[in-house]
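K.L.:
Okay, handing you the structure first.
The values are calculated or read from the model by the stated rules, or taken from the named source; none is laboratory data. Just so we're clear, the structure is a prediction, and the values are computed from it rather than from any experiment. A quick note on method: Cβ atoms are made from the backbone with ideal geometry, for glycine too, and the neighbour counts reach across all protein chains shown.
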Amino acid sequence: MREALYHPDFGYYSANIKGVGKVGDFSTSASLDSFLGEAIAAWIKKRTENLGWKRIPILEVGAGNGELSRAVLYHLGWKARWMTDYMILETSPILRAQQQSRLTWRGVHWVSSLEEALANSGGTALIFSNELADAFPCRIFERGVVGWRELGVRITTQGSLEETLLGSPQEDSWFTQFDHLPAGQRVERIDSFRDWMKDLNSLWILGSMLTIDYGNTSNLLYDRRPDGSLRAYFRHERYIGNQVYARFGKQDLTADVNFSDLIAWGSSFGWRNEPLLTQREFIKKWVNSKANTALSNRFSTFGDAGDSFKVLEQSKQLK
């Protein structure tokens, strides 16, 4: 998954993504309307007030085509924008170019690493991401009659890819959250995102972070999904099963986020976790009541993107 998405010459995000939205392989919730950007802007203003900051260091990680950034900046208003240092960390050169063509406000600039971003702001920042964690390479495990085994992929003598079950992982209490699942069930774990959070923790001193993505807590994540959540998107079509190994570097690969993991990992770093919200709940919390009456159907009908997307706020305070 890492090579298919991020190989410098052949990876989907590094070399082959066309864009996000109608012209790309998939759409994000932020490309459908501006309510999410408006809600994030309100959250930024309130947290800035809570922290007593005069300047507003913002770090957006993985900004897609820049539409969400533009909505956030617009709804911040000119006064808050004037006080904002808006940093974007983007690994895809293709998406970065699209962002730079859309975002021409003063104070917007791009950073190459967490180290650079947090050094610029003295370790303080309000951080947010939309559909970032799901794009991190995941590990897959399958439950057997006795215990779990990790899923691997190998190249056959014909040059195609096929799945193979590897040895059982070492004793790991992480699997107890899935004791309710039957034999044959597959689950994903984004160890790479845990490592990213650990790196962030070593640099981040003060602030709050929003992680917005599709997924759920572990008790609900795999309901009626025995094959897990790994899937591919190519030209707005969804593919599962062996098709996730097709079109190497030409299609997006993604898996739902286990927010129970993100909450547990944040707690292990000493972060404060706010209650997990659906995207609908987050928007209704932060967008004013007048605008709430005009919420698009996508965020007002139960069972749609407003439910499937979750918003987790985590904060780090000075020790």
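K.L.:
Can you name the residue in region 100-127 that is touching a Ser or Thr at 6+ places or on another chain (Cβ under 8 Å) and in a strand (DSSP E or B) and is also nearest to Asn16 (Cα to Cα) among such residues?
P.N.:
The qualifying residue nearest to Asn16 (Cα to Cα) is Val108.
K.L.:
Pick from region 64-83 the residues that are touching a residue at least 40 places away in the same chain (Cβ under 8 Å) and outside any helix (DSSP H, G or I): which of them is farthest from the chain's Cα centre (by Cα)?
P.N.:
The residue in question is Asn65.
Here's the yes/no breakdown for (1) buried (at least 21 other Cβ atoms within 10 Å of the Cβ); (2) within 26 Å of Ala125 (Cβ to Cβ); (3) modelled with pLDDT under 95:
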| residue | (1), (2), (3) |
| --- | --- |
| Ala4 | yes, no, yes |
| Phe10 | no, no, yes |
| Gly19 | no, no, yes |
| Val23 | no, no, yes |
| Leu36 | yes, yes, yes |
| Ile44 | yes, yes, no |
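K.L.:
Take region 157-192 and flag every residue that is at pLDDT 90 or above and among the hydroxyl-bearing types (Ser, Thr, Tyr).
P.N.:
Thr157, Thr164, Ser173, Thr176, Ser192 - these are the residues of region 157-192 that are at pLDDT 90 or above and among the hydroxyl-bearing types (Ser, Thr, Tyr).
K.L.:
Between Arg247, Arg280, which is at positive phi and free of Cβ contacts under 8 Å to residues at least 40 places away in the same chain?
P.N.:
Only one candidate qualifies: Arg247.
K.L.:
List every residue pair whose Cβ atoms sit under 6 Å apart, with the two residues 6 or more apart in sequence or on different chains, where the first one lies in region 191-216 and is on the phi > 0 side of the Ramachandran plot and the second, anywhere, is part of a strand (DSSP E or B) and among the polar types (S, T, N, Q).
P.N.:
Final answer for the pair search is Gly207/Thr124.
K.L.:
Scan (1) at positive phi; (2) touching a His at 6+ places or on another chain (Cβ under 9 Å) for the single condition Ile88 breaks and write down its number.
P.N.:
Going through the list (1) at positive phi; (2) touching a His at 6+ places or on another chain (Cβ under 9 Å), Ile88 breaks only (1).
Conditions (1) buried (at least 17 other Cβ atoms within 10 Å of the Cβ); (2) within 24 Å of the chain's Cα centre (by Cα); (3) assigned to a strand (DSSP E or B), marked per residue:
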residue	(1), (2), (3)
Glu162	no, no, yes
Pro182	no, no, no
Glu188	yes, yes, yes
Met197	yes, yes, no
Asp213	yes, yes, yes
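K.L.:
Would you check which residues across region 223-259 are surrounded by 22 or more Cβ atoms within 10 Å (Cβ to Cβ), within 16 Å of Arg139 (Cα to Cα) and not aliphatic (A, V, I, L, M) and list them?
P.N.:
Of everything in region 223-259, those that are surrounded by 22 or more Cβ atoms within 10 Å (Cβ to Cβ), within 16 Å of Arg139 (Cα to Cα) and not aliphatic (A, V, I, L, M) turn out to be Ser229, Thr254, Asp256, Asn258, Phe259.
K.L.:
Among the candidates Glu131, Glu171, Glu150, which residue alone is among the acidic types (Asp, Glu) and closer than 24 Å to Phe10 by Cα?
P.N.:
Result: Glu131 is the single residue among Glu131, Glu171, Glu150 that is among the acidic types (Asp, Glu) and closer than 24 Å to Phe10 by Cα.
K.L.:
Right, here's the next one. Give region 260-319 a look and list any residue that's in contact with a Leu (Cβ under 9 Å, 6 or more places away or on another chain), of a type in the set (S, T, N, Q) and either crowded, with 16+ Cβ neighbours inside 10 Å or modelled with pLDDT of 95 or more (or both), or say none.
P.N.:
Ser260, Asn273, Gln279, Gln314, Ser315
K.L.:
Test Ala97 against the stated conditions and say whether it is under 24 Å from Trp196 (Cβ atoms), at pLDDT below 90 and assigned to a helix (DSSP H, G or I).
P.N.:
The answer is no for Ala97.
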